[in-house]
Amino acid sequence: MQESLTIIDNRTGKQYELPIEYGAIRANDLRKIKLTDDDFGLLSYDPAFMSTASCKSRVTFIDGDKGILRYRGYPIEQLAERSTFLEVAYLLLYGELPSQSELDQWVHQITYHTFIHENIKKLMDGFHHDAHPMGMFVGTIGAMSTFYPDAKRIFDPDVRQKQIYRLIAKVPTVAAFAYRHSTGKPYVYPDNDLSYTANFLNMMAKMTDRYKPHPVLEHALDVLFILHADHEQNCSTNAMRGIGSSHADPYSCVAGAASALYGPLHGGANEAVLRMLLEIGSKDHVPEYIRRVKEGEFRLMGFGHRVYKNYDPRATIVKEVADQVFEVTGRNPLLDIALELERIALEDEYFVKRKLYPNVDFYSGLIYQAMGFPLDMFTVLFAIARTSGWLAQWNELLHDQEQKIARPQQLYLGEGERDYIPMSRRGTPVTVFGQ
Ligand code: ACO
């Protein structure tokens, strides 16, 4: 039996039956509900897409109430423990774990696309010395579309595949160059003998000799990349799909998605958490800080999530990784403040009632800082990992026959039609422009 929803429009008394599929009605079916034949039809109003599914996807599954996250069906805990970031990127993009030869080929392709054009390097030189690396990342990835004009042929599978190799391979290079530029150090070219994460760390830290990261730190960064690789229809992925729906090239799409990630309510939260911990300064100041959060003065960064109404499963893994990292680097003194914040918040009625738990970004910044990354690189690290998820979602979008250019409706509440007023008859303005 087909599941359905019966709606009676009390304005007209008419009854409608709407099919339910996968626990959803099609919002377009609401358009049948009309007052008159030329009526546009009923809309659903959903600011911030709180209750709107914008696509069917087979990439990532989240159950926010139970704290479950799976990539292509595999629990995040198993992937974090047993896989590598590049293997996970393959899984996200192609739907299955690779065979050994597929993995070797994939790693080879990524490794041999890591260099960036010398003119991209020159372009990065033009940024101001204190440019935020995330701003440099966004600008440089966008500019890369001009270096690969073939990327516009998004419906050619070979061309698309090439850009996937290029983007996943080059984002660590762009990220590391942005950092080296901001510190005035010479750029370090990719080293194809190293793993994905070791190469990135080498490009960040090398001076005269090759930088040899401690294996625990190399592994920790790889796990953090796995945890950040995809998260279904979040703000930046929605931007990726929105831009992709206009058939823009993938560099422009990734630049747009990275811009969305930059904001402090999304990927910028890991940096904001560290700034918050530094501002709190000591464990004793935590109760006062929590009081101000509860009074609505500001938010507790790294807490709360649109879909997780339970402990973010990634935060649990990050906490374990933090312990391993601190054994090598020494304990980050800010950890005590973070633990105290978490302890008090998890007991406090304000947070309990609103189901606010630590999210992935609450502890990840502490690890990055202990590893020596400057604060303004944190979101760039997130962007490196999420590029694989953005591309997987973009690929899925382009194969989805039901998708079209993304174009929401609006509820227009502005003025009705009125005649133009000549300047001489406008009088003194009663409102200030911008208010
Ligand atoms: N601190 C204090 N109060 C909070 C917080 C917080 N971090 N997050 C939500 N609340 C409160 C809100 O004030 C609201 O209270 P009210 O009902 O009394 O008005 C209630 O909880 C619900 O909040 P919403 O804003 O409706 O929740 P939403 O789902 O829109 O927001 C978000 C999710 C943006 C993540 C939010 O929790 C937040 O701002 N957190 C801090 C920033 C952060 O850590 N972002 C990273 C998210 S993870 C990621 O992107 C990788």
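The values are calculated or read from the model by the stated rules, or taken from the named source; none is laboratory data. The structure displayed is predicted, hence computed values, not measured ones. Here the Cβ positions follow ideal geometry from the backbone for every residue, glycine too, while neighbour counts run over all protein chains shown. Heavy atoms of the whole protein, side chains included, go into the accessibility calculation; ligands, DNA and RNA do not. Shrake-Rupley method; radii C 1.70, N 1.55, O 1.52, S 1.80 Å.
Things to note:
- The stretch 50-107 versus the stretch 357-435: alpha-carbon centroid distance in Å: 25 Å
- Centroid-to-centroid separation of the stretch 212-237 and the stretch 136-158 [C-alpha atoms, Å]: 24 Å
- Only Lys, Arg (+1) and Asp, Glu (-1) charged, at Cβ; the stretch 1-159 dipole about Cα centre in debye: 260 debye
- Cα gyration tensor, the stretch 1-47 - rounded (a/c under 1.5), prolate or oblate: oblate
- Remark: spin-label model distance residue 352-residue 29 equals 4.1 nm, labels positioned 7 Å along the Cα→Cβ axis.
- Estimated dipole of the chain in Debye, rounded to 20 [Cβ of Lys and Arg +1, of Asp and Glu -1, Cα centre]: 820 debye
- Packing-based order for 209-220, 188-199, using average beta carbon neighbours within 10 Å, highest first: 188-199, 209-220
- In the chain, the portion of solvent-accessible area held by carbon and sulfur atoms comes to 52 percent [1.4 Å probe, whole percent, DNA, RNA and ligands not counted].
- Positive-end residue of 380, 422, 256, charge dipole of the chain with Cβ unit charges: 422
- What the stretch 1-47 shows is 80 Å² of accessible area per residue, with the surface traced by a 1.4 Å probe over protein heavy atoms.
- Summing Cβ point charges (Lys, Arg +1; Asp, Glu -1) relative to the Cα centre of the stretch 191-300 gives a dipole of roughly 260 debye.
- Most tightly packed first, judged by the mean number of other beta-carbon atoms within 10 Å of their residues, the peptides 304-312, 234-242 read 234-242, 304-312.
- Dipole of the chain, positive direction: furthest Cα of 332, 173, 211, with charges on the beta-carbon: 173
- Comparing mean-square fluctuations of 15, 163, 324 from a GNM of the chain with C-alpha springs under 10 Å, the top value falls on 15.
- Among 372, 389, 13, the largest mean-square fluctuation in a Gaussian network model of the chain (Cα springs under 10 Å) belongs to 13.
- Global geometry of the stretch 172-300, whether rounded, prolate or oblate, following the gyration tensor of its Cα atoms and the 1.5 cut on a/c: oblate
- Take each peptide in 120-126, 49-55, count the other Cβ atoms within 10 Å of every residue, and average; sorted highest first, the result is 120-126, 49-55.
- Over the chain, Cα pairs under 8 Å with separation of 6+ residues give a relative contact order of 18 percent.
- For the chain, the Stokes-Einstein estimate of translational diffusion at 37 °C and a viscosity of 0.692 mPa s comes to 137 µm²/s, using the Kirkwood hydrodynamic radius over alpha-carbon pairs.
- Estimated vicinal HN-Hα couplings, Hz - the stretch 325-341 in sequence order (Karplus 6.51, -1.76, 1.60; Gly, Pro = x): 5, 5, 5, 8, 8, x, 5, 6, x, 6, 4, 4, 5, 4, 5, 5, 4
- Only protein heavy atoms count here; on that basis, with a 1.4 Å probe, residue 207 has an accessible area of about 120 Å².
- Of the residues 24, 59, 1, the one whose Cα sits farthest towards the positive end of the charge dipole of the stretch 1-70 is 59 (charges of +1 on Lys and Arg Cβ, -1 on Asp and Glu Cβ, taken about the Cα centre).
- GNM result for the chain, Cα springs below 10 Å: residue of 272, 131, 370 fluctuating most strongly: 131
- In plain terms, the chain from residue 282 to residue 426 could stretch by 46.1 nm, reckoned as 0.36 nm per residue minus the Cα-Cα distance.
- Listed by chain and number, the aspartates and glutamates whose alpha-carbon sits under 18 Å from that of residue 14, ignoring those within fewer than 8 places in the same chain, are 29, 37, 38, 39.
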